[in-house]
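Undergrad: What follows is a structure written as structure tokens; I'll ask about it next.
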Amino acid sequence: MMRMSIHRSVRVQLLGAVLIGVGLAAAAAAATGRQALPMPGKTSLYQRVLTRPGAALRDAPGATTRSGAEVPPLSIFYVYDRQPVQGTDWLELGAAAADAAAGWLPAAEVIDWRQTLTVAFTRNANREPALFFRDRGDLLGLMDSETLVPETDRLRASIQEGEIPEGFPVIAKEPDAYVDPNRQFYLLPILAHEQVDLESGLRATVLDVAAVTLQAGDPDLLARGGAARTAEAQVGTPADYRAGVVFVVDSTTSMGPYIDRTRAAIRRIYERLKGSPMGNALSFGLVAFRDNIDVAPGLEYVSRVAANLDDGRDPSGFFAKVNRVEATNVSSRGFNEDAFAGVYDAIESIDWRGYAGRFIVLITDAGAREANDPLARSHLGAERLRLLAQEKDQTAGGGKIAIAALHLLTPEGRQTHQLAASQYRTLTRWGEAGDLYFPVKGGAVEDFGSQVDALADALVKQLAGIRSGRLIQVPEGPQATEVERKTALVGRAMQLAYLGRETGSRAPRLIDAWVSDRDLKDPAQKVLEVRVLIGKNQLSNLQETLEAIVAAGERTTMSAKDFFGQLRGAAAALARDPDKVSAVQVKRLADVGLVGEWLDDLPYTSQIMNLTEARWLARSYAEQQEVLDAIDEKIRLYRRIHDDTDRWIDLSGRASKGESVTTIPLDALP
């Protein structure tokens with residue numbers, strides 16, 4: 001057995017200060033009388049707390065009579081004052097940063113949150129649920145034990161059998177079915193963290209988290225009065241589970257035979273499903289893409305939805321539309337095409353509501369125009385599109401969209417193969433499945449047809465299992481193809497997410513416990529993903545700051561040495577406080593606006609925002625443009641998040657729109 005040795009830091013490091021919604025609040029506070037307490041060492045970040053279940057405001061510190069109804073769990077308050085009363089700490093709280101003090105709460109009824117990093121469960125498609133430990137020492141002791149695997153199995157067996165002895169080290173476990181934070185919103189705020197080095201060479205992080213949910217869940221997921229229900233027991237027969245598959249097909253000059261073969265694969269699946277109980281379980285759509293029509297008008301379109309998923313419910317209507325898709329006889333400029341425009345339309349122009357399984361399949365023999373390419377339409381790169389697909393309207397009865405790519409490695413495109421493969425591996429990355437990039441060596445139509453059929457057959461097989469009440473099994477061994485194994489991993493994750501939504505799977509109501517971000521028995525698998533709770537005002541401020549940086553870059557295109565001078569002017573304009581303008585210093589990009597204070601204390605290093613003037617001037621013109629293009633991509637992503645009204649949540653039930661919040665992946669930060 002492999003033993004994991006742990007090298008612990010001397011102390012548990014508390015994570016740093018991050019603000020929700022500072023932009024407008026800071027300006028308001030400066031112009032009024034009373035304002036919230038600043039965080040230690042910060043000038044524009046205020047102290048915040050999250051309320052625990054059962055909290056109710058009092059009119060004065062130490063008062064025993066509640067002045068109002070219980071405050072909803074997860075309400076976020078600014079801290080105006082702290083006072084000890086007979087050995088108990090009391091906090092004066094308000095819903096805004098200025099002149100909004102509303103009452104007092106004892107410290108025991110709030111979580112003193114020094115940052116807004118949170119974690120979310122990864123989709124548990126091929127791992128066991130995470131265990132939450134009462135004490136840090138219990139978790140670290142287990143991870144350092146030579147009997148880690150049998151001891152973990154023993155803990156799980158006790159939980160499964162419902163036999164929880166006195167002093168049991170585990171106080172809760174992750175639900176068997178996936179908990180969708182966009183449907184059953186929950187926070188796992190990080191109170192402390194500690195990194196440990198494992199003998200496997202991997203590094204794990206043990207986290208002290210407080211789990212709070214908006215709806216009442218089980219106070220202790222282990223205390224269920226009997227054996228815990230497994231995911232298999234929850235499956236039942238989900239007759240309404242449906243999957244949608246949208247093909248995004250290159251329709252430039254070389255693609256005619258592949259378009260025909262894709263249609264043949266879809267027709268074959270429809271024939272298999274005809275007359276079966278699964279006839280309505282799978283629907284297809286098709287998006288065709290070409291390239292920029294300003295430089296090659298004969299191409300007719302950049303991207304076009306030929307058939308949507310609603311069309312795909314009726315095979316005759318579907319083929320009446322997709323039979324019109326033909327390869328053009330007009331050449332585009334260069335070999336690369338605007339594949340990302342087609343993927344963007346598949347994400348945003350297709351109605352995915354009602355589909356629990358969501359797949360986009362990109363088919364092309366070329367690379368994609370990058371975000372900084374002036375001929376690109378969407379100006380989004382592979383990573384931003386992947387994030388957009390995985391954040392797509394999960395509140396609308398579905399989940400993340402998985403993107404697969406069938407890349408035709410034809411001899412004509414050999415010069416683009418390496419770059420295109422890198423693009424599509426990034427675009428198709430999905431959790432433990434790795435990437436869903438499937439190259440077709442030589443680009444032979446017969447080999448491509450085999451890949452398309454294998455992919456479609458795998459999806460039909462998964463649907464048959466789901467409709468019959470079975471969990472998707474991930475095939476192993478030499479007989480299992482890469483397409484079968486990876487699509488099964490993704491399909492199982494989507495199935496578990498569906499089960500979580502249907503059964504109302506919830507995180508624990510409130511616990512304070514320690515958990516590892518990696519699977520105890522298989523540390524190669526991540527259990528938790530780090531996300532950032534961000535307010536609408538804060539996102540606007542972040543976007544405004546990045547726009548100022550890009551504008552300064554555009555004004556100094558021909559004189560890079562003036563860039564930081566322009567940034568100082570932008571920083572002064574964003575300071576909002578006239579008394580502080582003369583003191584503004586910009587030693588790095590993060591010093592513009594409030595970004596620096598926000599990012600500084602995070603366990604996150606931004607190579608872009610930490611650029612100094614010396615490092616900027618040491619870069620070539622092309623490298624400087626890459627930085628500005630990357631920032632511009634973030635701006636576009638933030639605009640889409642900002643405008644997606646369904647994802648913003650008012651945790652207090654009475655906050656302004658600017659105080660509503662959402663969570664974004666950590667890698668969406670600049």
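Undergrad: Hey, does region 337-344 have a residue that's farther than 16 Å from D365 by Cα and either of a type outside the set (D, E) or at pLDDT 90 or above (or both)?
TA: Yes: region 337-344 contains one or more residues that are farther than 16 Å from D365 by Cα and either of a type outside the set (D, E) or at pLDDT 90 or above (or both).
Undergrad: Of all residues in region 64-89, how many are in contact with a Lys or Arg (Cβ under 8 Å, 6 or more places away or on another chain) and either assigned to a strand (DSSP E or B) or modelled with pLDDT of 85 or more (or both)?
TA: 6
Undergrad: Looking at (1) over 27 Å from A464 (Cβ atoms); (2) open to solvent by less than 60 Å² (accessible area, probe 1.4 Å); (3) among the small types (G, A, S), which one does G285 not meet, given that it meets all the others?
TA: Evaluating G285 over (1) over 27 Å from A464 (Cβ atoms); (2) open to solvent by less than 60 Å² (accessible area, probe 1.4 Å); (3) among the small types (G, A, S) leaves (1) as the failure.
Undergrad: Give me the residue from region 529-557 that is among the hydroxyl-bearing types (S, T, Y) and in a helix (DSSP H, G or I) and, out of that set, farthest from E626 (Cα to Cα).
TA: The qualifying residue farthest from E626 (Cα to Cα) is S540.
Undergrad: Within region 121-128, identify whether any single residue is out of contact with any Leu (no Cβ under 7 Å at 6 or more places or on another chain), aromatic (F, W, Y) and not in a helix (DSSP H, G or I), and answer yes or no.
TA: Within region 121-128, none of the residues are out of contact with any Leu (no Cβ under 7 Å at 6 or more places or on another chain), aromatic (F, W, Y) and not in a helix (DSSP H, G or I).
Undergrad: Say we look at region 42-63 and pick out the residues that are of a type in the set (V, I, T) and assigned to a strand (DSSP E or B); which of these is modelled with the lowest pLDDT?
TA: Among those residues, the one meeting the criterion is T51.
Undergrad: Just need a number here: residues in region 295-318 that are more than 21 Å from V343 (Cβ to Cβ) and surrounded by 15 or more Cβ atoms within 10 Å (Cβ to Cβ).
TA: 2
Undergrad: Another one. Can you give me the number of residues within region 399-448 that are free of Cβ contacts under 8 Å to residues at least 60 places away in the same chain, of a type in the set (A, V, I, L, M) and in contact with a strand residue (DSSP E or B) (Cβ under 7 Å, 6 or more places away or on another chain)?
TA: Number satisfying all stated conditions: 7.
Undergrad: What pairs can you find where one residue is in region 343-365 and free of Cβ contacts under 8 Å to residues at least 12 places away in the same chain and closer than 20 Å to A421 by Cβ, the other is in a strand (DSSP E or B) and open to solvent by 10 Å² or more (accessible area, probe 1.4 Å), and their Cβ atoms are less than 7 Å apart, with a gap of 6+ or different chains?
TA: Qualifying pairs under 7 Å: none.
Undergrad: Answer with yes or no whether Q566 is surrounded by 16 or more Cβ atoms within 10 Å (Cβ to Cβ), modelled with pLDDT under 80 and assigned to a helix (DSSP H, G or I).
TA: yes
Undergrad: Going by the conditions given, is T328 among the hydroxyl-bearing types (S, T, Y), within 19 Å of T262 (Cα to Cα) and touching a strand residue (DSSP E or B) at 6+ places or on another chain (Cβ under 8 Å)?
TA: No.
Undergrad: Ok, one more. Against the condition open to solvent by 40 Å² or more (accessible area, probe 1.4 Å), on the phi > 0 side of the Ramachandran plot and either modelled with pLDDT of 70 or more or not β-branched (V, I, T) (or both), how does G593 come out, does it pass?
TA: It is false that G593 is open to solvent by 40 Å² or more (accessible area, probe 1.4 Å), on the phi > 0 side of the Ramachandran plot and either modelled with pLDDT of 70 or more or not β-branched (V, I, T) (or both).
Undergrad: Here is a further query. Assess whether L155 counts as being hydrophobic (A, V, I, L, M, F, W, C), touching an Asp or Glu at 6+ places or on another chain (Cβ under 8 Å), in contact (Cβ under 8 Å) with a residue 12 or more places away in the chain and outside any loop (DSSP other than H, G, I, E, B).
TA: no
Undergrad: Can you pull out the residues in region 167-183 that are more than 14 Å from R123 (Cα to Cα) and either open to solvent by less than 20 Å² (accessible area, probe 1.4 Å) or at pLDDT 75 or above (or both)?
TA: The answer is G167, F168, P169, V170, I171, A172, K173.
Undergrad: When you scan region 45-69, how many residues do you find that are surrounded by 13 or more Cβ atoms within 10 Å (Cβ to Cβ) and farther than 22 Å from I190 by Cα?
TA: 9
Undergrad: Moving on to the next point. Mind listing just one residue for me: the one in region 528-555 that is without any contact (Cβ under 8 Å) to a residue 24 or more places away in the chain and open to solvent by 10 Å² or more (accessible area, probe 1.4 Å) and, of those, nearest to the chain's Cα centre (by Cα)?
TA: Filtering region 528-555 for residues that are without any contact (Cβ under 8 Å) to a residue 24 or more places away in the chain and open to solvent by 10 Å² or more (accessible area, probe 1.4 Å), the one nearest to the chain's Cα centre (by Cα) comes out as A551.
Undergrad: Oh, and also: If we scan region 355-369, do we find a residue that is modelled with pLDDT under 90, surrounded by fewer than 18 Cβ atoms within 10 Å (Cβ to Cβ) and under 20 Å from the mean Cα position of the chain (by Cα)?
TA: So far as region 355-369 goes, no, none of its residues is modelled with pLDDT under 90, surrounded by fewer than 18 Cβ atoms within 10 Å (Cβ to Cβ) and under 20 Å from the mean Cα position of the chain (by Cα).
Per-residue answers, yes or no, for (1) part of a helix (DSSP H, G or I); (2) in contact with an Asp or Glu (Cβ under 8 Å, 6 or more places away or on another chain); (3) crowded, with 19+ Cβ neighbours inside 10 Å:
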site	(1), (2), (3)
F438	no, yes, yes
S450	yes, no, no
L459	yes, no, yes
L463	yes, no, yes
I472	no, no, yes
G477	no, no, no
A497	yes, yes, yes
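Residue by residue, here is whether (1) at pLDDT 75 or above; (2) small (G, A, S) holds:
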{"site": "A524", "(1), (2)": "yes, yes"}
{"site": "L533", "(1), (2)": "yes, no"}
{"site": "A573", "(1), (2)": "no, yes"}
{"site": "P578", "(1), (2)": "no, no"}
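Undergrad: Inside region 414-434, can you point out the residues that are open to solvent by less than 50 Å² (accessible area, probe 1.4 Å) and under 20 Å from A341 (Cα atoms)?
TA: The answer is T416, H417, A420, A421, Q423, Y424, T426, L427, T428.
The values are calculated or read from the model by the stated rules, or taken from the named source; none is laboratory data. Because the structure is a prediction, the values reported are computed rather than measured. Cβ: placed from backbone, ideal geometry, glycine included. Neighbour counts: every protein chain shown. When the accessible area is computed, the model is the full protein with side chains, heavy atoms only, and any ligands, DNA or RNA have been set aside. Shrake-Rupley method; radii C 1.70, N 1.55, O 1.52, S 1.80 Å.
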